[in-house]
Amino acid sequence: MSSEPTYCPAPWENPIWILLIGVGGFLVGVGILLLGFWGSEGSKDFVGTIGFTVWAAVVGVQTAYWALIAGPVWVDVTEVWREDRPDHPTAVMLIAALAVILSLPPALALTRRSLSPLWGHTVKTAVLAVIGGAAVGLPALAGIALVQRQVTRRAAKSIDQDDVRAALQARSRILRFLSVAGAVIGLAVLAAGALRRASVPHFLRDESFPQEAGMLYGAFFTAGLLLVYGPAHLALKRFGTRIRDHYFPPSEMPAPDSDELRGWLDKRSTLEGLLQLNVTPTQQLQASLFILAPLLSAVITTLAPKPT
């Protein structure tokens, strides 16, 4: 008598492990900031402020989110990678290019002299940026790009009955990767705003950490996100249009005065809705706000008045 294999949930599917992973990620982030903080008197004074506590808490939430989401994201992107096996060299070059883009901010930060009162600030923030980029940011962006390549190749072939399912799966994957990347960028921008509030004007002059720095930080990563998501969105749109026109080509539309026209249009509209080809203005606004959420976070952080 054969027995079915027992299902072992992944750590991020177990409530206890979720709690432990989240708390562990939070402590790692805060611990990196506190490492060697006693290296100077200014650093010790800075760590003792409420502003530093708020900033450290935001960084801790960042690293907790990375720890919780890294496993599911890597599982998803690995699955896409395995499906992309025939063209691995091109995929490797694509991921390498994304890695270079993500490494620019921490690399530039290391070349500049830090004015922050926190001991080892530049190295610590660079380490955090590398951890977040490698654990979550890179696989999320790579996942969007890899799914886009799959959709483009599939759309170049003849349409078959499995293409509707493939289009829905591709859209679901892209939106999951997109939500992760947007959350990562939004939290990073909020952390930058919290750092400025903690540092200016008691530890840093306003001109050394201008308000616009947070907006530029958010704009850079938002532009990178749009650069990856834009082609994926267009590829899904073209693929869905091909599927719709395959099953309901305009050349086969019944005559305007025929009884079959209404049924034909209803079926065509149903397929368009399933593939999300005709997005309403409200949905377009919601999508735009989601994509721009990281940048909007920077704007709000910049313009909100600082408490006295």
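The values are calculated or read from the model by the stated rules, or taken from the named source; none is laboratory data. In this text, all values refer to a predicted model and were calculated from it rather than measured experimentally. No Cβ is skipped: glycine too gets one built from the backbone with ideal geometry, and neighbour counts run over all protein chains shown.
Observations on the model:
To keep it simple, each residue is scored yes or no on (1) more than 21 Å from Leu104 (Cα to Cα); (2) among the hydrophobic types (A, V, I, L, M, F, W, C).
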{"position": "Ala142", "(1), (2)": "no, yes"}
{"position": "Thr152", "(1), (2)": "yes, no"}
{"position": "Val189", "(1), (2)": "no, yes"}
{"position": "Phe203", "(1), (2)": "yes, yes"}
{"position": "Thr222", "(1), (2)": "no, no"}
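- Those residues of region 198-213 which are buried (at least 17 other Cβ atoms within 10 Å of the Cβ) and hydroxyl-bearing (Ser, Thr, Tyr), in sequence order: Ser199
- Any chance Gln169 is surrounded by fewer than 20 Cβ atoms within 10 Å (Cβ to Cβ), assigned to a helix (DSSP H, G or I) and at pLDDT 90 or above: yes
- Selected residue (criterion: farthest from Arg171 (Cα to Cα)) from residues of region 223-275 that are in a helix (DSSP H, G or I) and polar (S, T, N, Q): Ser251
- Of all the numbered requirements in (1) aliphatic (A, V, I, L, M); (2) in contact with a Gly (Cβ under 7 Å, 6 or more places away or on another chain); (3) closer than 28 Å to Ala198 by Cα, Ile101 misses one, and that requirement is (3).
- The single condition among (1) in a helix (DSSP H, G or I); (2) touching a helix residue (DSSP H, G or I) at 6+ places or on another chain (Cβ under 7 Å); (3) within 22 Å of Leu118 (Cα to Cα) that Phe203 does not satisfy is (1).
- For Ala232, the requirement of being within 30 Å of Leu115 (Cα to Cα) and of a type in the set (Gly, Ala, Ser) is not met.
- Residue match in region 186-197 (condition: crowded, with 16+ Cβ neighbours inside 10 Å, closer than 20 Å to Ile144 by Cα and free of Cβ contacts under 8 Å to residues at least 60 places away in the same chain): no
Per-residue answers, yes or no, for (1) over 30 Å from Ile50 (Cβ atoms); (2) in contact with a Leu (Cβ under 6 Å, 6 or more places away or on another chain); (3) at pLDDT 85 or above; (4) among the polar types (S, T, N, Q):
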position: Ser199; (1), (2), (3), (4): no, no, yes, yes
position: His202; (1), (2), (3), (4): no, no, no, no
position: Gly218; (1), (2), (3), (4): no, yes, no, no
position: Leu226; (1), (2), (3), (4): yes, no, no, no
position: Arg242; (1), (2), (3), (4): yes, no, yes, no
position: Glu252; (1), (2), (3), (4): yes, no, yes, no
position: Gly263; (1), (2), (3), (4): yes, no, yes, no
position: Asn278; (1), (2), (3), (4): yes, no, no, yes
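- Sub-7 Å Cβ pairs linking a first residue in region 51-74 that is closer than 17 Å to Leu35 by Cα and touching a residue at least 40 places away in the same chain (Cβ under 8 Å) to a second residue that is surrounded by fewer than 23 Cβ atoms within 10 Å (Cβ to Cβ) and β-branched (Val, Ile, Thr), at least 6 apart or interchain, are Val59/Val30; Thr63/Val28, ordered by first then second residue.
- Qualifying residue in region 19-30 (condition: in a helix (DSSP H, G or I), modelled with pLDDT under 85 and surrounded by 13 or more Cβ atoms within 10 Å (Cβ to Cβ)): no
- For first residues located in region 220-240 and touching a residue at least 60 places away in the same chain (Cβ under 8 Å), partners that are outside any helix (DSSP H, G or I) and surrounded by fewer than 21 Cβ atoms within 10 Å (Cβ to Cβ) and lie 6+ apart or on another chain with Cβ distances below 7 Å form the pairs Thr222/Leu292; Gly240/Leu277.
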